[in-house]
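Here the structure comes first, spelled out in structure tokens, and everything after it is commentary.
The values are calculated or read from the model by the stated rules, or taken from the named source; none is laboratory data. For clarity, every value in this text was computed on a predicted model and none was experimentally measured. Note that each Cβ is placed from the backbone with ideal geometry, even for glycine, and that neighbours are counted across all protein chains shown. The accessibility values were calculated without ligands, DNA or RNA, using every heavy atom of the protein model including side chains. Shrake-Rupley method; radii C 1.70, N 1.55, O 1.52, S 1.80 Å.
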Amino acid sequence: MLYREAGDFSTTYPEDSQTFPIKFDRYRYYVVLFIAIFVIPFMINDYWVNSIFMPFLIYSIAAIGLNILVGYCGQVSLGTGAFMAVGAYACYKLMTAFPEVSMFIHVLLAGGITAAVGVLFGLPSLRIKGFYLAVATLAAQFFLVWMFNKVSWFYNYSASGQINAPERDTFGILITGPNTEAWATYLFCLFFTILSAVLARNLTRGAMGRQWMAIRDMDIAAEIIGVNPLKAKLTAFAVSSFFVGISGALFFAVYLGAVEVGEVFGITKSFLVLFMIIIGGLGSIFGCFAGAAFLVLLPVVLKVIGADMLGWPTDIVAHLNLVIVGGLIVVFLIAEPHGLAQLWRVAKEKLRLWPFPH
């Protein structure tokens, strides 16, 4: 009654292979997109954008990138924060070197530069995997952060070692700098989030995505049936780093405006994005959004309920946030490894049969 596909059939192969073949799913996503593009920009203010919407959109892109590598290709990575830093510093150098170029181009080029760096650090995956690959990417995390701190060319020889985003506009509307409008920065980030989700969805459902999943499930068997592990693993690192680089560029230029690499893109950032895909669901694009929404909204909800309504000290609220996140990670890893995305799929299956017995 609530969720049915009875009478919803396809007559052509393109209809059957589209991203959302069930009309109910397709129309639901159309409604969500309509609200996100044409309703929310007229209702939000600076607080909603800076506290909820922009972190959610940017972290969703980073989670999509990491999920492609970890969830779809099975290559463990602990260097997400460093690759976000590569995107941020690449965007900064491009903005200062080519001030007349559109911010859209800067962000995409920053993603491309990060993809090249990701391929470089993905080369060890051809020889090692599992725990050893995680340690290798962790080494990349520390090396890249150290390099951005020590090589003054990256921050244009600034005495403070901090990079600051200059004012840049798109179609005459300021996107970066202190004088931006909330709706403009929101729509700019929303554009890249939608673009990343569509690209990732189509890549994971295509031939490349099947190769990634074959490597994830059993790399030796995948090689026997004709999957090139070199191509599959390096493309996974490249695509993953591209999305992570875009998120880093947006995080620096549009969201924060000023960055010091050790404080913003440290190992904590890598674990935060990893927790998002664990809670949201490995191997699921929807899980990236679910995990990002959960970890962005949880501190806000705890602050409103704990600090504002119940009067708890802020340090207690912050520690409670860590306890809840840590407990949920343990629960999901043991009871439901596919996270919130799997719970959503189970709920839809139950709605298909309701009110009949299961």
Residues in segment 220-230: is at least one buried (at least 22 other Cβ atoms within 10 Å of the Cβ) and either β-branched (Val, Ile, Thr) or out of contact with any strand residue (DSSP E or B) (no Cβ under 8 Å at 6 or more places or on another chain) (or both)?
no
Of the criteria (1) more than 15 Å from LEU144 (Cβ to Cβ); (2) at pLDDT 95 or above; (3) among the small types (Gly, Ala, Ser), which one GLY281 fails
(2)
Members of segment 93-116 found to be surrounded by fewer than 23 Cβ atoms within 10 Å (Cβ to Cβ) and closer than 21 Å to VAL273 by Cβ, listed by number
LEU108, GLY112, ILE113, ALA116
If we keep just the residues of segment 37-54 that are touching a helix residue (DSSP H, G or I) at 6+ places or on another chain (Cβ under 8 Å) and among the β-branched types (Val, Ile, Thr), which is nearest to ALA293 (Cα to Cα)?
ILE52
Those residues of segment 304-329 that are surrounded by 11 or more Cβ atoms within 10 Å (Cβ to Cβ) and within 24 Å of the chain's Cα centre (by Cα) come to a total of 7
Could you please tell me which pairs satisfy a Cβ distance under 6 Å, a separation of 6+ or placement on different chains, a first residue in segment 108-132 that is over 21 Å from CYS189 (Cβ atoms), and a second residue that is in a loop (DSSP other than H, G, I, E, B) and open to solvent by less than 30 Å² (accessible area, probe 1.4 Å)?
SER125/GLN75
With within 18 Å of CYS189 (Cα to Cα), open to solvent by 10 Å² or more (accessible area, probe 1.4 Å) and touching a helix residue (DSSP H, G or I) at 6+ places or on another chain (Cβ under 6 Å) as the only criterion, which of ALA85, ALA90 stands out?
ALA90
List the number of the failed condition for TRP354; all other conditions in (1) hydrophobic (A, V, I, L, M, F, W, C); (2) open to solvent by less than 80 Å² (accessible area, probe 1.4 Å); (3) over 30 Å from ASN149 (Cβ atoms); (4) touching a residue at least 60 places away in the same chain (Cβ under 8 Å) hold.
(2)
Please enumerate the residues belonging to segment 245-263 that are in a helix (DSSP H, G or I) and not aliphatic (A, V, I, L, M).
GLY245, SER247, GLY248, PHE251, PHE252, TYR255, GLY262, GLU263
Take segment 10-26 and flag every residue that is surrounded by 11 or more Cβ atoms within 10 Å (Cβ to Cβ) and in a helix (DSSP H, G or I).
LYS23, PHE24, ASP25, ARG26
Does GLY177 fit the bill of being at pLDDT below 90 and either surrounded by fewer than 23 Cβ atoms within 10 Å (Cβ to Cβ) or more than 17 Å from the chain's Cα centre (by Cα) (or both)?
yes
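Look at segment 183-225 and say how many of its residues are under 22 Å from LEU133 (Cβ atoms) and either without any contact (Cβ under 8 Å) to a residue 60 or more places away in the chain or not polar (S, T, N, Q) (or both).
So the first thing to find is which residues in segment 183-225 are under 22 Å from LEU133 (Cβ atoms), and the list is 200, 203-204, 208-224.
Those left that are additionally either without any contact (Cβ under 8 Å) to a residue 60 or more places away in the chain or not polar (S, T, N, Q) (or both): 200, 203, 208-224.
Qualifying residue count for the region: 19.
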Any chance segment 41-62 includes a residue that's open to solvent by less than 10 Å² (accessible area, probe 1.4 Å) and among the small types (Gly, Ala, Ser)?
yes
Just name the residue that is surrounded by the most Cβ atoms within 10 Å (Cβ to Cβ) out of those in segment 64-82 that are in contact with a Leu (Cβ under 6 Å, 6 or more places away or on another chain) and part of a helix (DSSP H, G or I).
ALA82
Please verify whether ARG210 is over 25 Å from the mean Cα position of the chain (by Cα), over 20 Å from LEU108 (Cα atoms) and of a type in the set (Lys, Arg), treating the condition exactly as stated.
no
Restricting the search to segment 81-98, which residues are more than 13 Å from ARG168 (Cα to Cα) and of a type in the set (A, V, I, L, M, F, W, C)?
ALA82, PHE83, MET84, ALA85, VAL86, ALA88, ALA90
